[in-house]
Amino acid sequence: MSRARAGGSRLLLLGAVLLAVVVAAVIVIDGRDDGSGSAADVVVVGDSLTVESNGSLPTDGWTVDAQYGRRTSEGAAILRDLDLPPGATVVVALGTNDVPEPADQYAARIDEVVAAIGPGHPILWVNVDANTPALAAAADGVNAAIREAGDRHPRFEVADWDRHVTTVEGFDAMRNADGVHYLPAGSQERARWLASLVGD
């Protein structure tokens, strides 16, 4: 075999090896788990606060069903009809439209929702921002019931939005004048916070 032919063969072999390395690297990069939507599905059922933050929530693996004015009993009806993915985390962002129900009455609403979700699903329940006069009654009513629900439902966890807003500098400036809803910056903060709790 001539030196030129041997050299050419070696170049072809080297090229094939390099190509194989590049292909392998691409497969590893494409197949890696970067945490963006690869976790178990997340289903969010909420009211107007979720409607207004929905544009900033993650999309991969997340399903959002939200409506203005939705009460917790309506959320239970929605959840009964949903075909939840196995093991999906269910985020319940309801209760604002149930204020000023007393704690014992709202506890029954919570039990209704938990029964509608069924077994096998972690439940993350977002409590109510009771830091304005419009929703102050939630502190001893809806929020108290949410806080105590974990004693009855072991897969139930409270997402403490009521406390979180007190830790965000300047959050009062992100509120709508009605003392219930938020300006876009407040809705975006709510979406970021919720996504961080679920682990997205």
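The values are calculated or read from the model by the stated rules, or taken from the named source; none is laboratory data. Keep in mind it's a predicted model, so treat the numbers as computed, not measured. For neighbour counting, all protein chains shown are included, and Cβ atoms are generated from backbone atoms with ideal geometry for every residue, glycine included.
Here is a list of conditions, (1) in contact (Cβ under 8 Å) with a residue 24 or more places away in the chain; (2) out of contact with any strand residue (DSSP E or B) (no Cβ under 9 Å at 6 or more places or on another chain); (3) more than 21 Å from residue 189 (Cα to Cα), and residue 151 meets all of them except one; can you say which number that is?
Checking residue 151 against (1) in contact (Cβ under 8 Å) with a residue 24 or more places away in the chain; (2) out of contact with any strand residue (DSSP E or B) (no Cβ under 9 Å at 6 or more places or on another chain); (3) more than 21 Å from residue 189 (Cα to Cα), the one that fails is (1).
Let me spell it out: the conditions are (1) in contact with a Ser or Thr (Cβ under 6 Å, 6 or more places away or on another chain); (2) surrounded by fewer than 16 Cβ atoms within 10 Å (Cβ to Cβ); (3) of a type in the set (S, T, N, Q), and residue 167 meets all of them except one. Which number is the exception?
(1)
Within region 64-91, track down each residue that is over 15 Å from residue 191 (Cβ atoms) and free of Cβ contacts under 8 Å to residues at least 24 places away in the same chain.
65, 67, 68, 74, 81, 83
Being assigned to a helix (DSSP H, G or I), crowded, with 20+ Cβ neighbours inside 10 Å and either among the hydrophobic types (A, V, I, L, M, F, W, C) or at pLDDT below 95 (or both): is that true of residue 146 here? Step through it out loud before you land on a result.
Details: assigned to a helix (DSSP H, G or I): yes; crowded, with 20+ Cβ neighbours inside 10 Å: yes; either among the hydrophobic types (A, V, I, L, M, F, W, C) or at pLDDT below 95 (or both): yes.
Yes, satisfied.
Filter region 89-126 for residues that are among the aromatic types (Phe, Trp, Tyr) and under 16 Å from the mean Cα position of the chain (by Cα) and give the result.
125 - this is the single residue of region 89-126 that is among the aromatic types (Phe, Trp, Tyr) and under 16 Å from the mean Cα position of the chain (by Cα).
If you scan region 173-188, which residues turn out to be of a type in the set (Ser, Thr, Tyr) and assigned to a helix (DSSP H, G or I)? Please lay out each step first, then the result.
Within region 173-188, the subset of a type in the set (Ser, Thr, Tyr) is 182, 187.
187, the sole residue that qualifies.
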